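Worksheet: one structure, shown below.
Bear in mind that the values in this text are calculations on the coordinates, not laboratory data. Because the structure is predicted, anything quoted here is derived from the model rather than measured. Quick reminder, even Gly has a Cβ in these numbers, built from the backbone with ideal geometry, and neighbours come from all protein chains shown.
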């Protein structure tokens, strides 16, 4: 039973992965813009801010999703 469930689960995600970019492209673009433009809501300490200038900045990544937030925010760490 577990093997059947795992296989069906794999098939569903395999199918979804083929259309992810086209179906969620606008959502991803919006998410990227929000993270870029509103990131000081989460913290004022980034490499391009007064509070973060010259500091080593560390973050805890939860690994949720395909990494869009990490990719965008990494340029400010």
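Points to keep in mind about this one:
One line per residue, one yes/no per condition, for (1) over 12 Å from the mean Cα position of the chain (by Cα); (2) on the phi > 0 side of the Ramachandran plot; (3) surrounded by 13 or more Cβ atoms within 10 Å (Cβ to Cβ); (4) in contact (Cβ under 8 Å) with a residue 12 or more places away in the chain:
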{"position": "16", "(1), (2), (3), (4)": "yes, no, no, no"}
{"position": "32", "(1), (2), (3), (4)": "no, no, yes, yes"}
{"position": "37", "(1), (2), (3), (4)": "yes, no, no, no"}
{"position": "44", "(1), (2), (3), (4)": "yes, no, no, no"}
{"position": "47", "(1), (2), (3), (4)": "yes, no, yes, yes"}
{"position": "53", "(1), (2), (3), (4)": "yes, no, no, no"}
{"position": "57", "(1), (2), (3), (4)": "yes, no, yes, yes"}
{"position": "60", "(1), (2), (3), (4)": "yes, no, no, no"}
{"position": "64", "(1), (2), (3), (4)": "no, no, no, no"}
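- Of all the numbered requirements in (1) closer than 19 Å to residue 72 by Cα; (2) outside any helix (DSSP H, G or I), residue 51 misses one, and that requirement is (1).
- Flag for residue 13 being closer than 17 Å to residue 65 by Cβ and in a helix (DSSP H, G or I): yes
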